[in-house]
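The values are calculated or read from the model by the stated rules, or taken from the named source; none is laboratory data. All of these numbers come straight from a predicted model, not from anything done at the bench. No Cβ is skipped: glycine too gets one built from the backbone with ideal geometry, and neighbour counts run over all protein chains shown. To get the accessible areas, we keep the full protein, side chains included, count just its heavy atoms, and leave off ligands, DNA and RNA. Shrake-Rupley method; radii C 1.70, N 1.55, O 1.52, S 1.80 Å.
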Amino acid sequence: MGELAVDLARFQFAFTVSFHIIFPAFTIGLASYLAVLEGLYLKTGKHKYIELYQYWIKIFAISFGMGVVSGIVMSYQFGTNWSVFSDKTGPVLGPLMGYEVFTAFFLEAGFLGVMLFGMNRVGKTLHFAATLIVALGTLMSAFWILAVNSWMQTPAGYDVNEIGQFIPVDWWQVILNPSFPYRLVHMVLAAFLTTAFVVGGVGAYHLLRSQHNHLARTMFSMAMWMAALVTPIQVFVGDLHGLNTLEHQPAKVAAMEGHFDTHQGAPLILFGIPDQANKEVDYKIQIPHLGSIILTHEWNGEVKGLDAFPEADHPPVGIVFWSFRVMVALGFMMLAIGLYSLWLRKQGELFYHTNFHRCCLLMAPAGFIALLCGWITTEVGRQPFTVYGLLRTAESASPVDASAISVSVAAFVVVYFSVFGAGMFYILRLMRKPPTKYEQPPKARVPETEADIEKSKRAMGSSNHLSS
């Protein structure tokens with residue numbers, strides 16, 4: 001496959017993954033939120049929780065369906081555009097992806113029907129169990145998919161056979177590879193925050209329309225608690241993840257930080273324009289020594305630049321540099337929102353501060369943007385490898401002509417924007433509707449006994465006598 005064909009294949013996979021990743025991340029957080037809502041309803045008996053459950057479960061069902069469809073499309077690309085990669089990594093990655101289907105997806109799909117349609121057909125405890133199982137399924141799905149991705153980033157527990165395939169020799173090392181724990185926790189927390197800011201944005205929207213909407217108050221309050229509690233943890237986990245990346249993928253960190261040269265007491269470059277051709281960052285704004293303090297926890301700690309690695313192994317610096325900064329900036333904005341919500345809560349102004357509600361409404365998509373930027377940082381920063389340090393992207397592609405890929409890319413763009421655009425438009429329409437009181441369906445009539453029928457006849461006869 002020529003260079004143009006490889007670039008087109010990369011773009012196609014990046015495009016489809018970008019659409020796909022937002023739906024599973026949203027459903028991971030939303031499934032857990034639904035489980036919390038139903039659990040609170042069973043514990044307290046307050047109907048507001050089950051009313052919010054009924055409001056969000058429709059949105060969950062649509063998001064889940066779009067996530068499944070977009071995920072199926074991606075799997076076909078391994079065979080069409082990346083057959084060499086599939087052949088070489090199949091013995092390791094194939095079983096892991098199979099485990100995701102057999103465990104996580106079967107749990108989600110199997111109990112989703114009970115969750116959607118069983119509220120008044122099964123007992124409360126059984127329905128709650130179904131909700132918990134679906135939430136567990138989404139977390140297990142994240143577990144297996146992150147195991148696959150993490151192995152590609154920090155491969156371990158493998159050997160190479162006589163035909164050049166990676167084969168597992170220790171499944172524990174394959175799954176629990178060096179970056180997996182950090183990547184899993186970071187991703188799950190990102191999913192929770194993504195959902196929290198969507199829920200908070202919807203709650204803020206309805207509070208702007210009516211500050212006395214008690215259901216909007218409840219969802220907004222819960223979302224702000226999540227933002228205030230989880231965002232600081234995410235910042236801490238992100239720092240640990242960065243240190244792990246520095247240990248195992250130092251070239252990626254050099255690109256993220258914009259360091260072309262190795263430094264003792266490296267600065268933290270806040271902003272600038274990376275010039276990879278001339279190996280420098282133009283118009284940079286930096287803080288002396290702070291880069292070394294963050295990465296090595298030492299004032300004059302050594303931070304390797306890209307000059308420490310072969311030029312052929314350098315990732316695209318500009319993309320990684322800016323995607324990382326957008327992600328970090330959004331993370332600190334989320335932290336500010338969460339902390340400010342605590343102050344407003346203490347002042348009794350959480351439901352009345354309209355400017356804060358407008359900010360939360362604007363921040364509703366922030367989790368999705370940060371998630372995509374984090375994914376771009378991770379995946380583009382791994383280039384030029386598909387399996388870091390072992391298998392290059394150019395060597396992973398199928399022998400497919402660029403013209404054939406260009407046709408499929410165009411078709412994907414049109415279909416994805418049409419189908420998933422319509423789905424997201426419908427989700428936004430559902431979010432615009434205010435949450436309302438949940439109405440129980442009418443109870444089934446109990447068959448009348450002979451005594452009831454005779455009583456009805458006497459009542460009808462008495463009525464006829466009076467009317468005459």
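On the accessible surface of the chain, probed at 1.4 Å, how many percent belong to carbon and sulfur atoms?
Here carbon and sulfur together make up 66 percent of the probe-accessible area.
If you build the convex hull over the alpha carbons only and average its shadow over all orientations, what do you get for the chain? Give it in nm² to one decimal.
Approximately 31.7 nm², given one-decimal rounding.
Can you give me the C-alpha center-to-center distance between the range 34-102 and the range 141-180, rounded to a whole angstrom?
22
Counting heavy atoms of the protein chains only and a 1.4 Å probe, report the per residue accessible area for the range 232-299 as a whole number of Å².
With the other protein chains kept in place, the range 232-299 gives 51 Å² per residue.
Computed from the mean reciprocal separation of all distinct C-alpha pairs, what Kirkwood hydrodynamic radius does the range 180-222 have, in Å?
Hydrodynamic radius (Kirkwood, Cα pairs) of the range 180-222 is 11.3 Å.
Just need the relative contact order of the chain here, percent rounded to a whole number, with Cα pairs under 8 Å and 6+ apart.
20
Could you work out the mean projected area of the convex hull around the alpha carbons of the range 193-317, in square nanometres to one decimal?
10.1
Over the range 77-169, consider all pairs of different Cα atoms and compute the Kirkwood hydrodynamic radius from their mean reciprocal separation; express it in Å, one decimal.
15.2
What number, in nm² with one decimal, is the all-direction average of the projected area of the convex hull of the alpha-carbon atoms of the range 191-255?
5.3
Please work out the Kirkwood hydrodynamic radius for the range 110-228, using every pair of different C-alpha atoms, and report it in angstroms with one decimal place.
That comes to 17.7 Å for the range 110-228.
Considering only protein heavy atoms, with the full assembly of protein chains and a 1.4 angstrom probe, order Thr44, Thr296 by accessible area, largest first.
Descending order: Thr44, Thr296.
How big is the range 252-392 along each principal axis, measuring the range of its Cα positions in Å and listing the largest first?
Per principal axis, max minus min of the Cα coordinates gives 57, 34, 26 Å.
Using a basic spin-label model with each label point 7 Å from the Cα along Cα→Cβ, how many nm lie between His214 and Trp171?
In this crude label model, His214 to Trp171 measures out at 5.2 nm.
Which order do Tyr41, Tyr352, Tyr205 take when ranked by solvent-accessible area (1.4 Å probe, heavy atoms of all protein chains), largest first?
Tyr352, Tyr205, Tyr41
For the range 1-77, how big is the tail of P(r) above 16 Å, as a whole percent of Cα pairs?
60
Could you run the Karplus curve 6.51 cos²θ - 1.76 cosθ + 1.60 with θ = phi - 60° over the range 320-333 and give me ³J(HN,Hα) per residue in whole Hz, x for Gly and Pro?
The phi angles translate into 5, 4, 7, 5, 5, 5, 5, 4, 5, 4, 5, x, 6, 5 Hz.
Where does the charge balance sit around Ala204 when Lys and Arg score +1, Asp and Glu -1, over other residues with C-beta under 11 Å from its C-beta?
+3
So what is the accessible area of the range 1-160 per residue, in Å², with the probe set to 1.4 Å?
Value returned for the range 1-160: 40 Å² of accessible area per residue.
What's the whole-number percent of alpha carbon pairs in the range 18-118 lying beyond 16 angstrom?
65
Lys58: accessible area at probe 1.4 Å, nearest 10 Å²?
About 120 Å², rounded to the nearest 10.
For every other residue with a beta carbon closer than 12 angstrom to the beta carbon of Gly71, add +1 if it is Lys or Arg and -1 if Asp or Glu, then tell me the sum.
Local charge sum for Gly71: -2.
Starting from 0.36 nm per residue, how many nanometres of slack lie between Asp159 and Asp282 once their C-alpha separation is accounted for?
This chain segment gains 39.9 nm when fully extended.
Quickly estimate the mean residue ellipticity at 222 nm for the chain, helices only: each DSSP H run with n ≥ 4 gives -39500 (n - 2.57), and the total goes over all residues, rounded to 500.
Dividing the helical sum by the residues of the chain leaves -24500 deg cm²/dmol.
If you count only protein heavy atoms and use a 1.4 Å probe, how large is the accessible surface of His241, to the nearest 10 Å²?
Its accessible surface works out to 20 Å², give or take rounding.
Mind checking the full-extension length gain between Ile369 and Glu395? Use 0.36 nm per residue of separation minus the Cα-Cα distance, one decimal, nm.
Additional length available on full extension: 6.3 nm.
Which pairs break 21 Å Cα to Cα here: Lys46/Lys124; Lys124/Lys433; Lys48/Lys346; Lys46/Lys346; Lys284/Lys304?
Lys124/Lys433; Lys48/Lys346; Lys46/Lys346
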